[in-house]
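Asker: Structure incoming, see below.
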C-alpha cells in the first residue's frame with residue numbers, strides 16, 4: 001500500500017494498492033465529516049467512525065482500514081476495532097484548563113507529524129490565543145537544522 005496523494009510513489013501504481021484522497025486511489029477517502037465524538041469518512045464504500053478529532057488521523061487510519069479490507073476483514077469487524085480510542089501518554093492529549101486548553105503532544109516527532117499537530121492546534125478553538133512550545137527534533141541528526 002502506498003500514498004495515492006504523493007507523486008513520489010507513482011512507480012508503485014501497477015504493483016501496489018493506493019490509499020488517499022485522490023479519486024483514482026484504489027482505496028479512496030471521501031465524505032470526511034467532523035462530529036461531536038470525532039470524525040467519520042468513507043473508504044471503498046465503507047463508512048468509518050473515528051474517535052479522534054485531528055484531521056491527520058483520517059489518512060493514518062485509512063491505511064489500516066485498507067489493509068484490513070484487503071485481508072478480508074468485514075466492515076463491522078473494522079469499525080468495532082477502530083472505534084476504540086487508544087490513549088497514549090503525552091500524545092495528542094487535550095486537557096481543559098481554567099483559562100483555556102492544553103494540548104500535550106510530546107513524543108519522538110518528525111517534521112511531518114509536527115506539522116500535522118500544528119494544523120490541528122491552529123484549528124482547535126481558533127477563537128482563543130495559541131502559544132506553542134516546541135523542542136528540538138534531535139533524532140534528525142546531521143540532517144536537522146539547529147537553531148539557537
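Asker: Here is a list of conditions, (1) part of a helix (DSSP H, G or I); (2) at pLDDT 75 or above, and residue 140 meets all of them except one; can you say which number that is?
Answerer: Only one criterion is unmet by residue 140, namely (2).
Asker: Further question: Residues that are free of Cβ contacts under 8 Å to residues at least 40 places away in the same chain, more than 22 Å from residue 124 (Cβ to Cβ), part of a strand (DSSP E or B) and touching a helix residue (DSSP H, G or I) at 6+ places or on another chain (Cβ under 8 Å): does the range 11-23 have at least one?
Answerer: Yes, the range 11-23 has at least one match.
Asker: Just need a number here: residues in the range 24-58 that are touching a strand residue (DSSP E or B) at 6+ places or on another chain (Cβ under 7 Å), within 22 Å of residue 122 (Cβ to Cβ) and not in a strand (DSSP E or B).
Answerer: Qualifying residue count, the range 24-58: 5.
The values are calculated or read from the model by the stated rules, or taken from the named source; none is laboratory data. Keep in mind the model is a prediction, meaning the values are calculated, not measured. With ideal geometry, Cβ positions are generated from the backbone for all residues, glycine too; neighbour counts draw on all protein chains shown.
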